[in-house]
Structure formats: C-alpha cells, structure tokens
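The values are calculated or read from the model by the stated rules, or taken from the named source; none is laboratory data. Just so it is clear, the structure is predicted and the values come from calculations on it, not from any experiment. Note that we place each Cβ from the backbone using ideal geometry, even for glycine, and neighbour counts take in every protein chain shown. Quick note on the areas: whole protein, heavy atoms, side chains included, nothing else; ligands and nucleic acids left out. Shrake-Rupley method; radii C 1.70, N 1.55, O 1.52, S 1.80 Å.
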Amino acid sequence: RWRTAAVVIAVMVFGAVAVWSLAGSSGKRQAGQTITGNAQVKGETTTTVGGVDPRLTEAANDAAKGDYLDAVKTYDAILKDDPNQPVALADEGWLEAQVGLDSKEQSLVTSGLSSIVKAESADPSYAEPHFFRGYVLLKQNQAPDAVTEFRNFLGLADTSDPNIDQARTLLQQAIKAAGPNVPPGPNAATTTTSPTAP
C-alpha cells in the first residue's frame with residue numbers, strides 16, 4: 001500500500017518517530033493489547049479462530065521498540081485480512097499521524113486521522129481511537145473537536161487505562177484552547193476533523 005511507503009520514507013528522512021512515551025513505558029503487552037498497552041475491547045474482530053490476532057501484539061511490540069517499518073507492515077497485513085480491525089486501524093493511524101506531525105507532512109496526518117476515524121466507526125465502544133484523535137486534533141489547533149474526543153475517550157475508557165490521567169490533562173488544555181468554542185459536554189457527539197474557525 002502507498003501508505004506504507006509514505007510512512008517509511010518519512011521515518012527515513014525525518015528520523016525516529018516520537019511515538020508517545022506511554023507506548024514505550026507500558027511494559028510487556030498481552031495478546032490483544034493496543035500500542036499503548038490497553039486491552040482490546042469486547043466485540044473485537046479477529047483474523048484468528050477463537051482469539052485475538054497475535055499479529056496485533058507483534059506490531060505493538062515492534063512499535064514500542066522503534067521498529068516502525070515492521071509495525072506498519074504488520075498492521076497492513078492485518079488490515080488486508082480484515083479491513084475493519086479496530087486496533088490495527090487505530091494503532092497504524094496513530095503511528096502515521098505521529099510521523100506526519102513530526103515531519104510536518106499534513107498528508108500523513110490526514111491519512112492517519114482517517115484510519116483513526118475508521119477505527120471509531122468499526123467499534124464505537126473502543127476508547128483508544130478517541131484519545132489518539134483528540135491528541136492529533138489538539139496538535140492541529142482544532143481544540144473544540146479535541147475536547148469532544150477526549151470527553152468520548154474518558155466516557156469509554158476502562159478505569160485501569162493508563163491514558164486516563166494524560167487525557168484529563170489534555171482535555172483541560174483543549175478546553176482552555178477552545179475558549180468560547182468549547183462544545184457542550186461531557187460526552188458531546190463526535191464532530192468532524194475539518195479545521196475549526198478561530
């Protein structure tokens with residue numbers, strides 16, 4: 001897929017991706033855990049009989065070690081078998097968006113966000129894509145939409161999710177940045193990724 005080539009080129013040109021510190025500090029992942037170490041939610045789709053696709057753990061571990069090329073290749077393989085696999089969509093989108101943010105390549109950010117949004121649609125009860133989307137939107141100066149995403153994440157996340165404290169902090173930053181444009185909440189409906197007027 002073209003996306004793999006684009007991500008690989010960006011990593012080669014601009015160096016290692018600053019994939020959030022939680023990705024590297026979440027410890028050993030179990031089958032079905034995401035790139036940030038969280039358990040995949042119920043209702044998951046899988047490409048193996050009777051359980052979670054072990055390639056998800058492999059890809060997450062590769063990403064945590066900085067092997068982004070291998071991680072993206074594995075996510076692409078999973079998505080070839082199951083185009084609506086929410087963890088693969090969310091985690092690959094997160095990696096891609098991070099490369100785009102670090103390299104200032106808007107096309108990669110946009111493509112990464114597209115995958116994250118697909119993950120939200122593929123499994124509406126899955127919290128992590130909302131965190132990823134909120135983070136990227138906040139970095140893209142789309143604070144009102146980021147507020148909504150962080151609220152959605154906090155409304156869906158399990159209490160053991162290691163991203164909860166960070167999401168609360170980022171939510172407050174997004175609320176402050178949104179100013180008078182803060183959407184009603186706490187669990188406002190998901191909004192679009194289009195730029196928000198100042």
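Looking across the range 145-159, the residues that are touching a residue at least 12 places away in the same chain (Cβ under 8 Å) and surrounded by fewer than 21 Cβ atoms within 10 Å (Cβ to Cβ) come down to 155, 156, 157, 158. Among the candidates 139, 118, the residue that is over 24 Å from residue 169 (Cα atoms) and surrounded by fewer than 23 Cβ atoms within 10 Å (Cβ to Cβ) is uniquely 118. For the range 165-186, filtering for residues that are surrounded by fewer than 16 Cβ atoms within 10 Å (Cβ to Cβ), under 16 Å from residue 133 (Cα atoms) and within 17 Å of the chain's Cα centre (by Cα) leaves 1.
Scanning the range 63-109 for residues being surrounded by fewer than 21 Cβ atoms within 10 Å (Cβ to Cβ), free of Cβ contacts under 8 Å to residues at least 24 places away in the same chain, touching a helix residue (DSSP H, G or I) at 6+ places or on another chain (Cβ under 9 Å) and assigned to a helix (DSSP H, G or I) gives a total of 5.
Checking 137, 79 one by one, the residue that is at pLDDT 90 or above and under 13 Å from the mean Cα position of the chain (by Cα) is 137 and no other. Sort out which residues of the range 110-136 are within 20 Å of residue 162 (Cα to Cα) and assigned to a helix (DSSP H, G or I), and write them in order of number. Those that are within 20 Å of residue 162 (Cα to Cα) and assigned to a helix (DSSP H, G or I): 116, 119, 120, 128, 129, 130, 131, 132, 133, 134, 135, 136.
When 31, 6 are checked against the criterion of being open to solvent by 10 Å² or more (accessible area, probe 1.4 Å), touching a strand residue (DSSP E or B) at 6+ places or on another chain (Cβ under 8 Å) and at pLDDT below 90, a single residue qualifies: 31. Take residue 17 and tell me if it is at pLDDT below 90, among the hydrophobic types (A, V, I, L, M, F, W, C) and touching a Gly at 6+ places or on another chain (Cβ under 9 Å). Here the answer is yes, as residue 17 does meet what is asked.
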